[in-house]
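Asks: Below are the structure tokens for one structure; questions will follow.
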Amino acid sequence: MLGKAGAGFGSLALSWMLQRDAQAAAPLPNPLAPKPPHIGGKAKSVIFLFMDGGPSHIDTFDPKPEVNRLAGKPLPSHIKASFTAMGVSRNPILTSKRKFTNYGQSGIPVSDWMPETGKCADQLCVVRSMWADGINHVGSVCQMNTGSVLAGRASMGSWVTYGLGSENQDLPSFVVMLDNESEPPGGPRNWGTGFVPATYQGTRFLNGPSPVLNLQPPAGVTDLRQREKLDLLNELNRRHARERGYNSDLEGRIAAYELSYRMQAAAPEAVELARESAETKELYGLNRKETESFGRLCLLSRRMVERGVRFVQLYSGSGSKWDAHSKIEENHTKYCLSCDKPIAGLITDLARRGMLDDTLVVWGGEFGRTPMSEKGDGRDHNPYGFSMWMAGGGVKAGHIVGATDECGMHAIEDRIHVHDLHATILHLLGLDHERLTYPHNGLDERLTMNKGHVVTKILA
């Protein structure tokens, strides 16, 4: 009747309604299914060791003898002329008490604050010419994680998960761990998705003997009963979604319920460190009070990538604890000690298991610190020139890229912006940063925000 009446327009409407109902009833494709990379990347996963607050590059990986020679004097005029952002530029240069040792066959200099990491120098590619746009912690941490000093964009881990999917459907593809109860500046937005679907957001694990809460179902609840409850909840959510159209947060929540159910079987084994040997625990520093907290996170990160987790981010000194405006000796001595041995243990363990070749380890903070003093015994923020390093995953090992000026104030050789760093990390994972896009407000948005280039000098 609909086909014959009204020139058949009634059947046209009916076919649209039937197709809509069929699509709503059909199972949605898994957004976390593994996806092929754009190019042949060497890295399969990333472990990002984030030193929250900004470690001093001139006291760790970028020695500057000129700083001690000029200690107590103002910055040379040719440097200060281009540095106008902070009043601290008028302060005298603060001496560095660190002693540097050239490690390994590469001879990369590392300070006595990071001696265990120094022993891994032949695995490192040290970038001494980083620069960024932010001047405060909130914007700078946001940019290092999302590409922008302004909130509202997807984090790098979310972009990686969106681009490659997950190799393990029983664990989160993107895991975040903090070494204390304080969140980094900006909080969860640093591992959020912004305008990208919420399914790709990071999952925060807790620091302690129970990284994931509520893994065990309540007493008396069988697996069948829990499965039926989850199916009912899923159906109610789907009905809600059909009446309101696509909702990213709702789709993310539905996916989270399913993942939580599967994690009850997979996660207890993945986070159980008791099965690790005594030698492995000692390697990560789990037997010392100073290193036990970050050591546990580093060991958990190895277990995560071992099981197919795509992106793991660890925060050392979460809550801007590396922010040494005063008493830098006390501050950096504490936090370097807490992470030095665990980081070296992670690199060593990955290498001996044959995992370093396809695991990219990244170390750094949101910016570096000035050569001038603040409050007499501290250093201020410095986004104009600072150091980071990478290991494994296709980087050129035992290598130094770029340089800062003689006082470590500005990057002057092979300057590498945060966008360039992000483009290079994506490239090592097999993702073209210009092709990894998501449509938003009429634009094909990307992590590098229409900027950035792959730094070939970093690549092996």
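Asks: Where Lys and Arg each count +1 and Asp and Glu each count -1, what net charge lies around His433 among other residues with Cβ under 11 Å from its Cβ?
Replies: Counting the neighbours of His433, the net charge comes to 0.
Asks: Would you kindly compute the Cα radius of gyration of segment 293-337 and its largest Cα-Cα separation (Dmax), both in Å?
Replies: Spelled out, the Cα radius of gyration and Dmax of segment 293-337 are 13.7, 42 Å.
Asks: Continuing with this model, one more query. Which of the DSSP-defined H helices in the chain satisfy a minimum axial length of 30 Å, computed from C-alpha atoms, and a minimum mean Kyte-Doolittle hydropathy of -0.5?
Replies: Membrane-span-like by this criterion, though nothing is claimed about a membrane: 248-270, 328-352.
Asks: Could you calculate the contour length gain from Asn136 to Glu183, that is, 0.36 nm times the residue separation minus the distance between their Cα atoms, to one decimal place in nm?
Replies: Gain on extension, Asn136 to Glu183, equals 15.3 nm.
Asks: Follow-up. Take the alpha-carbon centre of segment 88-110, take the same for segment 139-218, and report the distance between them in whole Å.
Replies: Comparing the Cα centres of segment 88-110 and segment 139-218, I get a distance of 33 Å.
Asks: Kindly state, as a whole number, the per residue volume in cubic angstrom of the convex hull around the alpha carbon atoms of segment 60-166.
Replies: Given the Cα convex hull of segment 60-166, per-residue volume reads 159 Å³.
Asks: Work through the residues other than Gly40 whose Cβ is under 14 Å from its Cβ and net out their charges, Lys, Arg +1 and Asp, Glu -1.
Replies: Spelling it out: positives minus negatives among the neighbours equals -1.
Asks: Let me ask something else. Run lengths n ≥ 4 of DSSP H only: what is the helix-derived mean residue ellipticity at 222 nm for the chain, with -39500 (n - 2.57) per run over all residues, to the nearest 500?
Replies: After summing the helix terms and dividing by residue count, I get -10500 deg cm²/dmol.
Asks: Another one. Please list 224-237, 187-200, 157-170 highest first by mean number of surrounding beta-carbon atoms within 10 Å per residue.
Replies: In decreasing order of mean packing, 224-237, 187-200, 157-170 become 157-170, 187-200, 224-237.
Asks: So for each of 407-419, 54-66, 428-440 I average, over its residues, the number of other beta carbons within 10 Å; can you give me the resulting order with the highest mean first?
Replies: Taking the mean over residues of other Cβ atoms within 10 Å, the ranking is 54-66, 407-419, 428-440.
Asks: Still on this structure, I have one more. Shape of the chain from its Cα gyration tensor (a ≥ b ≥ c, root eigenvalues): rounded if a/c is under 1.5, otherwise prolate when a/b > b/c, or oblate?
Replies: Verdict is prolate for the chain.
Asks: Next up: Which percentage, to the nearest 5, of the DSSP beta bridges contained in the chain is antiparallel?
Replies: So the antiparallel bridges in the chain amount to around 45 percent.
Asks: Pairs Lys64/Lys99; Lys396/Lys451; Lys80/Lys334; Lys64/Lys396: which are spaced more than 19 Å apart, C-alpha to C-alpha?
Replies: Lys396/Lys451; Lys80/Lys334; Lys64/Lys396
Asks: Take each of the peptides 289-296, 314-321, 97-104, average the number of other beta-carbon atoms within 10 Å over its residues, and list them starting from the highest.
Replies: Highest to lowest by the protection proxy: 314-321, 289-296, 97-104.
Asks: So what is the relative contact order for the chain, in percent, with contacts set as C-alpha pairs under 8 Å and at least six apart?
Replies: Result for the chain is 29 percent.
Asks: Sequence-distant or interchain residues sharing an amide H contact under 5 Å with Lys44, placed H: which?
Replies: HN-HN under 5 Å from Lys44: Thr359, Leu360.
Asks: Can I ask one more? Once you have all Cα-Cα distances for segment 276-381, histogram them in 10 Å bins from zero and send the whole-percent values.
Replies: 14, 41, 28, 14, 3
Throughout, read-outs are computed from the coordinates displayed, never taken from laboratory work. Since the model is a prediction, treat every value here as computed from it, not as a measurement. Cβ coordinates were reconstructed from backbone atoms using ideal geometry, including for glycine residues, and neighbour counts include every protein chain displayed.
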